[in-house]
Amino acid sequence: MFTILPLQNGLDNVAGFFCQGVHAGFKPNGNNDVAFIRSNEPCDISAVFTTNIFQAAPIKHFLRYPKGFQTNFILMNAKNANAMTGAEGIADIETLFGKLKTKFPSLHNPIMSSTGVIGYRLNVDKLSTAFDKFDFNAKDSHATASAIMTTDSFKKELCFKVILEDGSFFHIAAICKGAGMINPAMATMLCFILTDANIPKMDMDELLLPSIENSFNAVSVDGDTSTNDTVLLLSSKQSGAYHKEAFNEALRLITKELSLMLVRDGEGSTKVVAFEVSGAKTEAEAERAAKALSNSLLVKTALFGEDPNWGRIASTIGASRITCNEESLVIHYDDVLIYSKDQRSLNAEAEKKAAAVMKKDSFRIHCELGVGEASFTAYGCDLGHKYVEINADYRT
């Protein structure tokens, strides 16, 4: 048995790690824009990255290290993705780490993570001014989480204390950023997960990807996959405590809650919707249909307009080319039946009830296909005027 308790703050609860965010002049409002996470000793790391073919320079730099390497430093920046910058983008990272080593001599296999505009090289001189501002012994999760924000309207951080049956305990904490360009296909969201659990490296690698499949890989804001999508899991092992089942549950919980924060913070979004597809022939087909619904622009705009137009739901399922037929399909908005073979058009009472459901800030659209037993739930949000305004002016 074990108990998982939420704690205030985030990364600063985890033994063996330090973190801070500072302003280096990239965000015009004076907010933090460069940050670090460091550990006392080199620690194990597991990573999952975007499957976008045009992976950003920080990911390419990471992949140059030998398999199973350890690190004691992550450097993060906002406003510049350092993507599509070629060999020069990787060289700029090396230059930055050369400058950083004069301030932090114990640097070991440092890694970098970036978010922002694609296609511009880093301003190395300006970014390195942050090194003079860093307090390498700081534990400031709030400042770190705020530094990686771009169009985010709120910072995203969580921490859980996991108490085991023998009274020993460990922590797992994470910060995350993302509000637009969200359709992780992992295989511009960033997530950094720290733990002091005494977890073996093989368990880190085994548990990370499955936790992502039903969290970050199951959410969509706008259907776009970033060049920089990154989830990193680092362990200091300093608590000395570990229980595989407990850690797995805490990891799944923290990634799920953070992924829903991404959707809730979708640029201009007003509601979070769970698209549950059940009765599918295979799990792959259930996932394909659910993600098609969460990505559909027509569905998203109907959500924004609070229009219970079941035709958009049915059409999107059919367009996903899964095994389905209109005779067995049943669609509910929460508990309101809006389509079945016996109810092919909304009556006034059903439409009124469905419209009321759509006024809530979160609800469920359940599609029973009736051709099998597989199911999958994807999460999405509505899409409105604000999304267009934010992204039309993104570079300015």
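The values are calculated or read from the model by the stated rules, or taken from the named source; none is laboratory data. Please read all numbers here as calculations on a predicted model, not as lab measurements. Please note: Cβ atoms are built from the backbone with ideal geometry, for glycine as well, and neighbour counts cover all protein chains shown. For accessibility, only protein heavy atoms count, side chains too; no ligands or nucleic acids. Shrake-Rupley method; radii C 1.70, N 1.55, O 1.52, S 1.80 Å.
What the phi angles of the range 276-286 give under the Karplus curve with 6.51, -1.76 and 1.60, with θ = phi - 60°, is a coupling list of 9, 10, 10, x, 7, 5, 9, 5, 4, 6, 4 Hz, glycine and proline written as x. For the range 252-319, the relative contact order works out to 22 percent when only alpha carbon pairs closer than 8 Å and six or more residues apart are counted.
The eigenvalues of the Cα gyration tensor, multiplied by 5 and square-rooted, give the range 254-367 an equivalent ellipsoid with semi-axes of 22, 19, 12 Å from largest to smallest. For the set 26, 154, the ranking by accessible area, highest first and with no ligand, DNA or RNA atoms included, is 154, 26 under a 1.4 Å probe. Counted over the chain, the DSSP beta bridges are approximately 75% antiparallel. Across the range 133-146, rounded Karplus estimates of 3J(HN,Hα) from the backbone phi angles (6.51 cos²θ - 1.76 cosθ + 1.60, θ = phi - 60°) give 8, 5, 9, 5, 9, 6, 10, 10, 5, 4, 5, 5, 5, 6 Hz, Gly and Pro being marked x. Annotation: amide H of residue 338 within the under-5 Å range of 331, 332, 333, sequence separation 5 or more or interchain, hydrogens built in the peptide plane.
For residue 362, the residues whose modelled amide H falls within less than 5 Å of its own, excluding neighbours fewer than 5 places apart on the same chain, are 272. Shape class of the range 324-391 from the alpha-carbon gyration tensor: oblate, with a/c at 1.5 or above and b/c at least as large as a/b. Of 352, 256, the residue with the largest accessible area leads and the full order is 352, 256 (1.4 Å probe). Other residues with beta-carbon under 9 Å from the beta-carbon of residue 306 carry, at +1 per Lys or Arg and -1 per Asp or Glu, a net charge of 0. Per residue, the chain exposes 41 Å² of solvent-accessible protein surface, assessed with a 1.4 angstrom probe and all protein chains in place. Taking amide hydrogens as placed 1.01 Å from N in the peptide plane, the amide H of residue 169 sits under 5 Å from those of 164, each at least 5 positions away in sequence or on another chain. The charge dipole of the chain, taken about the Cα centre with unit charges on the Cβ atoms of Lys, Arg (+1) and Asp, Glu (-1), comes to about 940 debye, rounded to the nearest 20. Candidate cross-link partners of residue 79 among the lysines, defined by an alpha-carbon separation under 17 Å and a same-chain spacing of 8 or more, comprise 27, 126, 155, 177. Restricting attention to the range 319-396, the count of lysine pairs at 8 or more positions apart or across chains with alpha carbons under 22 Å apart stands at 5.
Using heavy atoms of the protein chains and a probe of 1.4 Å, the accessible area assigned to residue 344 is about 90 Å². With the largest listed first and rounded to whole Å, the semi-axes of the equivalent ellipsoid of the range 39-178 from the Cα gyration tensor are 26, 18, 17.
Ligands, DNA and RNA aside, residue 142 has an accessible area near 80 Å² when probed at 1.4 Å. Compactness ratio for the chain: Cα radius of gyration over 2.2 N^0.38 Å (N = residue count) comes to 1.04. Helical runs (DSSP H, four residues minimum) scored at -39500 (n - 2.57) apiece and divided by the length of the chain put the mean residue ellipticity at 222 nm at -9500 deg cm²/dmol.
By the Cβ rule of 4.7 Å, the chain holds the following cysteines without a possible disulfide partner: 19, 43, 159, 324, 367, 381.
Within the shell defined by Cβ-Cβ distances under 13 Å, the residues around residue 42 carry a net charge of +1, with Lys and Arg each +1 and Asp and Glu each -1. Of the beta bridges in the range 237-396, as assigned by DSSP with both residues counted there, near 70 percent are antiparallel.
Evaluating 6.51 cos²θ - 1.76 cosθ + 1.60 at θ = phi - 60° for every residue in the range 111-120, the Karplus couplings come out as 10, 10, 9, 10, 8, x, 6, 7, x, 10 Hz, glycine and proline recorded as x. These residues, 253, 369, 298, go from largest to smallest accessible area, 1.4 Å probe, as 298, 253, 369. Note on residue 168 and residue 125: their simple-model spin labels are 5.3 nm apart, each label 7 Å out from Cα toward Cβ. Computed over the range 27-121, the Cα gyration tensor eigenvalues convert (square root of 5λ each) into semi-axes of 21, 18, 13 Å, ordered from largest to smallest.
When only alpha carbons of the range 1-42 are considered, Rg and Dmax amount to 14.9, 49 Å.
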